[in-house]
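Written below as structure tokens is the structure these notes are about.
The values are calculated or read from the model by the stated rules, or taken from the named source; none is laboratory data. The shown structure was predicted, so the numbers you read here are calculated from the model rather than taken from an experiment. We place every Cβ from the backbone using ideal geometry, glycine too, and count neighbours over all the protein chains shown.
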Amino acid sequence: MSDRHFRTLERLIHQANQASSRKPDSVQLLAHMVRLITADGADPYLVLGVLVEGAAHTIAGYIPPERQVEATEELGQLLDERLKAHGLRPGRR
């Protein structure tokens, strides 16, 4: 391959890297959208329901079966920790 082809390939790689660095991370985008949706006055109970359904869908569909129990337990612990961090103490029945 000539030096010209290498330069073209290097330029394409550079452009791809620039484009990917400008693309927002999808997880960050989701967190930002949740903040925007709630700030815009969406029903907070509906938002929570959608988030819970998303968590269940993600565990059931994308976590390997052998790790689903652990992931479910960790999700519960994470929720408990985050509620406490916001000054909320979930009630135990």
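Points worth noting:
- Within the range 54-62, one or more residues are modelled with pLDDT of 90 or more and among the aromatic types (F, W, Y).
- Scanning the range 41-93 for residues that are over 16 Å from L30 (Cβ atoms) and of a type in the set (F, W, Y) yields a total of 1.
- Residues of the range 41-93 classified as touching a helix residue (DSSP H, G or I) at 6+ places or on another chain (Cβ under 7 Å) and aromatic (F, W, Y), total: 0
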